[in-house]
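Some notes on the structure that comes next.
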Amino acid sequence: MRERILLSWSSGKDSAWSLYRLRTGTDYEVVGLLTTVTEPYERVSMHGVRRNVLKAQAAAAGLPLIEVLIPAPSPNEIYEERMAAAMAGARDDTIGTVAFGDLFLEDIREYRESKLATVGMRAVFPLWLEPTEGLAREMVAGGLRAMVVCVDPRQLDASFAGRNYDEAFLRDLPPGVDPCGENGEFHTLVVGGPIFDGDLNVTIGETVEREGFVFADVSLAS
């Protein structure tokens with residue numbers, strides 16, 4: 001019998017491929033997606049993905065969505081308080097584990113593990129320490145369809161915002177940029193692939209700079 005778990009869902013490729021790995025494995029049953037939403041903007045925190053696009057992702061994945069709403073700006077104590085409340089609800093639903101798509105940042109892993117431990121839960125990391133060059137190409141070859149929706153222009157040229165995450169994108173990355181964006185160089189939005197029952201129908205709008213980051217606005221097509 002597989003263990004019931006939540007998956008921390010950023011709306012991007014790493015969490016999507018984590019879902020794929022978990023579903024094709026035998027140890028876990030993903031029973032929900034957990035996402036932080038910046039309430040005043042109605043968007044996924046950091047990625048800038050619209051809330052209705054997030055909900056369309058969850059529907060395409062066939063999973064319930066747990067949204068943790070935070071203000072803007074959000075002091076860390078508020079984030080932790082609201083996340084702890086969400087975890088308490090998960091515990092009440094007999095869920096004791098949360099999966100994350102982190103790859104190699106030890107400080108982030110330790111933070112997640114320590115916070116979950118305080119509420120009697122644990123973390124698992126399906127993609128942990130996988131070489132990112134190979135992982136990036138595995139995701140693309142495996143049919144994952146994603147778009148680059150956020151770029152840190154201090155690490156990657158703003159022109160990469162709005163591009164498809166594909167072989168051409170990977171070839172064009174300058175030296176020193178992680179192909180999975182694990183150092184925060186870029187963030188993605190998944191719009192199709194083996195974790196969905198069908199591709200999302202989306203359109204790309206304007207590209208804007210906000211708080212030092214460049215965002216490509218993606219909407220559901222009418």
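Only helices (runs of 4 or more DSSP H) whose full extent lies in the range 105-172 are considered here, and the ones with at least 1 residues that are in the same structural domain as Ala16 (by TED's automatic domain parsing) and at pLDDT below 95 are 106-117. Annotation note: Cβ proximity below 7 Å between a residue of the range 11-27 that is more than 15 Å from Ala146 (Cα to Cα) and of a type in the set (D, E, K, R) and a residue that is in a loop (DSSP other than H, G, I, E, B) and modelled with pLDDT under 95 (sequence gap 6+ or interchain) occurs for Asp27/Arg2.
Considering only residues that are among the basic types (Lys, Arg) and closer than 20 Å to Ser10 by Cα, look in the range 144-185 and name the one that is nearest to the chain's Cα centre (by Cα).
Step one: of the range 144-185, the residues among the basic types (Lys, Arg) are 145, 154, 163, 171.
If we keep only those that are closer than 20 Å to Ser10 by Cα too, we end up with 145, 163.
Details: Arg145: 14, Arg163: 17 Å.
The qualifying residue nearest to the chain's Cα centre (by Cα) is Arg145.
The lone criterion from (1) part of a loop (DSSP other than H, G, I, E, B); (2) under 24 Å from Ala141 (Cα atoms) left unmet by Leu189 is number (1). Of all residues in the range 77-128, those being in contact with a helix residue (DSSP H, G or I) (Cβ under 8 Å, 6 or more places away or on another chain), within 24 Å of Gly12 (Cβ to Cβ), surrounded by fewer than 16 Cβ atoms within 10 Å (Cβ to Cβ) and among the β-branched types (Val, Ile, Thr) number 0.
Pairs meeting the criteria (first residue in the range 199-212 and over 21 Å from Ala146 (Cβ atoms) and assigned to a loop (DSSP other than H, G, I, E, B), second residue of a type outside the set (S, T, N, Q) and modelled with pLDDT of 95 or more, beta carbons under 9 Å, at least 6 apart or on different chains) are Gly212/Asp152; Gly212/Pro153; Gly212/Arg154. Which of (1) in a helix (DSSP H, G or I); (2) free of Cβ contacts under 8 Å to residues at least 24 places away in the same chain is the odd one out, the single condition Gly176 does not satisfy? The failed condition is (1).
The values are calculated or read from the model by the stated rules, or taken from the named source; none is laboratory data. Owing to the predicted nature of the structure, the values given are computational and were not obtained by experimental measurement. Please note: Cβ atoms are built from the backbone with ideal geometry, for glycine as well, and neighbour counts cover all protein chains shown.
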